[in-house]
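Readers should treat all values here as calculations from the given coordinates under stated rules, not as data from a laboratory. The structure displayed is predicted, hence computed values, not measured ones. Using ideal geometry, Cβ is built from the backbone for each residue, glycine included, and neighbour counts are taken over all protein chains shown.
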Amino acid sequence: MAQGQRFDPDGDYVRRYIPELRGIDGAAVHEPWLAPLLAPDYPAPIIEHAAERQEALARLAEVTGSASDAKP
């Protein structure tokens, strides 16, 4: 999602290859689950990447015995 927002801010690439999202204008195409009226059948994300990243960093710190100061 972040890569799409960074390199395809208008969502042209996404709309080209995902026909279900062609009716969504602009950057909203990168998070179609937030526009249920425009993409009612599009599924929500399976995982929350920010939370999973924190979990992975906590496990890494536990295994290595060091605190993680990694930035998002």
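Structure notes:
- Subset of the range 45-64 (residues that are among the aliphatic types (A, V, I, L, M) and either within 25 Å of A35 (Cα to Cα) or in contact with a Leu (Cβ under 6 Å, 6 or more places away or on another chain) (or both)): I46, I47, A50, A51
- Members of the range 41-50 found to be farther than 23 Å from P19 by Cα and either touching a helix residue (DSSP H, G or I) at 6+ places or on another chain (Cβ under 8 Å) or in a helix (DSSP H, G or I) (or both), listed by number: H49, A50
- Among residues of the range 37-52 being touching a Pro at 6+ places or on another chain (Cβ under 8 Å) and surrounded by 10 or more Cβ atoms within 10 Å (Cβ to Cβ), the one that is farthest from I24 (Cα to Cα) is Y42.
- R53 being in a helix (DSSP H, G or I), under 16 Å from the mean Cα position of the chain (by Cα) and basic (K, R): yes
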